[in-house]
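Colleague: One structure follows; several queries about it will come next.
The values are calculated or read from the model by the stated rules, or taken from the named source; none is laboratory data. All values derive from a computational prediction rather than experimental measurement. Note: ideal-geometry Cβ built from the backbone for every residue, glycine included; neighbour counts use all protein chains shown.
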Amino acid sequence: MGTNLKEATEIKLALAKDLKSSQSSAEVDILQTKYLGKQGLINRLFKTLPIKTDPQIGRQINDLKKFVETRLQEKLTSVLTTTDKTHFDVTTPGLPIPQGSLHLITQAIEEIESIFLHLGFVRRRYPEVDTDWYYAEGLNIPKDHPARDDQETFYLSDTTVLTAHTSNGQLHEMELKKAPPIKMINIGKTYRRQLDATHTPMFHQFEGLVVDQGLNITHLLGITDYFAKSYFGPDRRTRLRPHHFQFTEPSFEIDISCEVCRGTGLIDNLACKVCKSGWLELGGAGMVHPQVLKNGGLNPTECSGFAFGWGVERVLMMKTGLPDLRLIYGDDLRFLNQF
Ligand code: DAH
């Protein structure tokens, strides 16, 4: 008897072809029966070939059987891990469900809102597309006034704009309430033609307006200080710096003491690199101009008010030390997932 069984070669060839065309574990199962089953091709060899007279033949069929078993096992593993979508392994641990989170600007807005709600403010949203009257004229900023140049406004038509500040909400709120007391916080989107590390064309402001009888600057200071301590931390102090806005009189910029040098402006006798002066600028505020109260339908001899308008992105950057706003508005999940 020769060393290579003709039947073994034929079976190997047939197996190679069958394996090639099998794509699922069910198909491999069928091959299992075809080759290794009781009535299978291999067993048939044991029955038909003269294994009793030639022990070589028995050995060769056994080798062939091992060969077929190995190939079928390999194929099964391969279809289970790659192509077979019908197979379901109930012991496989589940995949973790990716968890979303609120964008960090949304988180900042919610935090700011909750601070002012504690003080009895009402949250408002006023139009982002508004008319010239609410956005400028009614706030004492006539056409051709230089104050309009500061704001890099997007004009949609001669009389409508994408609001460059949330101060337009002041007149809307006065019209809505018709009489004091007014205590609103208008948090919304604002738009300016600008783009660099600390400015984006769309950003957010929060605008406070409080109108009542007998309000003065100390009330403004009290609210400012409460906000600074709640949002930035109990050690922070605030101060007013004289400034000019058309819709407030007197007007101020509000500063917050720098966390790094604790308001001294010095670190190891050198100028603090973060603030240089001990103070960081928060934003504008002031006592509502009597003409603005009149424009909103209120009587300035019977009530007074204060207002402030600060940037959400600005306070977030001051608090977290984030250097570049474009990260916040980018889509890099490695950054965003940290919040
Ligand atoms: N609207 C001003 C701006 O965007 C900020 C501002 C200043 C708002 C003074 C106010 C205010 O309410 O009283 O630059």
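Colleague: What do you reckon, is Asp255 under 25 Å from Gly188 (Cβ atoms), in contact with a Lys or Arg (Cβ under 9 Å, 6 or more places away or on another chain) and more than 10 Å from the ligand (Cβ to nearest atom)?
Modeller: yes
Colleague: Cβ-Cβ below 6 Å, separation at least six or inter-chain, first residue in region 91-117 and touching a residue at least 12 places away in the same chain (Cβ under 8 Å), second of a type in the set (D, E, K, R): which pairs?
Modeller: That search, which allows pairs on different chains as well, returns Glu113/Arg123.
Colleague: Continuing with the same structure: What number of residues within region 281-317 satisfy the criterion of being more than 16 Å from the ligand (Cβ to nearest atom) and either not assigned by TED's automatic domain parsing to the domain that holds Gln151 or not in a loop (DSSP other than H, G, I, E, B) (or both)?
Modeller: Total satisfying the criteria: 3.
Colleague: Report the residue count in region 59-74 for those that are farther than 14 Å from Tyr35 by Cα and surrounded by 15 or more Cβ atoms within 10 Å (Cβ to Cβ).
Modeller: The total comes to 1.
Colleague: Next question, about the same structure. Go through the residues of region 245-257 one by one and say whether even a single one is under 28 Å from Gly330 (Cα atoms) and either touching a helix residue (DSSP H, G or I) at 6+ places or on another chain (Cβ under 7 Å) or free of Cβ contacts under 8 Å to residues at least 24 places away in the same chain (or both).
Modeller: The answer is no; no qualifying residue exists.
Colleague: Does any residue in region 207-225 that is touching a residue at least 40 places away in the same chain (Cβ under 8 Å) and of a type outside the set (Lys, Arg) come within less than 7 Å, Cβ to Cβ, of a residue that is in a loop (DSSP other than H, G, I, E, B) and within 12 Å of the ligand (Cβ to nearest atom) six or more places away or on a different chain, and which pairs are these?
Modeller: Note: pairs meeting the criteria are Glu207/Thr166; Glu207/Ser167.
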